[in-house]
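Structure first, commentary second.
Bear in mind that the values in this text are calculations on the coordinates, not laboratory data. Remember, it's a predicted structure, so these values are computed and weren't measured experimentally. Here the Cβ is made from the backbone with ideal geometry for all residues, glycine too, and neighbour counts use every protein chain on show.
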Amino acid sequence: MAKQISDCEYNVHKQMVKRLQFLHHAERYVKESEKEGHSQCAAMWKKMIEEERKQVNELQEALKRDSGN
């Protein structure tokens, strides 16, 4: 029988997918900004990427903790 996941696990997975999708797009935005010479815009996206990666790490840690239940 397959393990049923909790609402918490589902929500963590769902948010991780959304954040990873954002990162995929944002990395392209950095390249586009740099190509067009918009260094401030590129710096903004890089900062957002850094912050988003921290959130992804937190979600991954939550999944590791929950998988032990």
³J(HN,Hα) computed for each position of the stretch 49-56 - Karplus, 6.51 cos²θ - 1.76 cosθ + 1.60, integer Hz, glycine/proline x = 4, 4, 5, 5, 4, 4, 5, 4
So which aspartates and glutamates pass the test for LYS14, namely a Cα distance under 14 Å, with those fewer than 8 places away in the same chain ruled out?
-> GLU58
Taking the structure as given and computing Cα extents along the principal axes in Å, which label from [x] 34, 27, 15; [y] 55, 18, 13; [z] 34, 25, 22 fits?
-> [y]
In nm, spacing of pseudo-spin labels at LYS54 and SER6 (7 Å Cα→C-beta vector) | 2.6
Roughly how many debye, to the nearest 20, is the charge dipole of the stretch 10-67 about its Cα centre, given +1 on each Lys and Arg Cβ, -1 on each Asp and Glu Cβ, and no other charges?
-> 140
Which value in deg cm²/dmol, rounded to the nearest 500, describes the helix-derived mean residue ellipticity at 222 nm for the chain, given -39,500 (n - 2.57) per DSSP H run of n ≥ 4 and division by the residue count?
-> -30500 deg cm²/dmol
May I ask you to sort ARG53, ARG19 by Cβ crowding, counting other Cβ atoms within 10 Å and putting the fewest first?
-> ARG53, ARG19
Select from GLN55, MET16, CYS41 the residue farthest towards the positive end of the dipole of the chain; place +1 on Cβ of Lys and Arg, -1 on Cβ of Asp and Glu, and compute about the Cα centre.
-> MET16
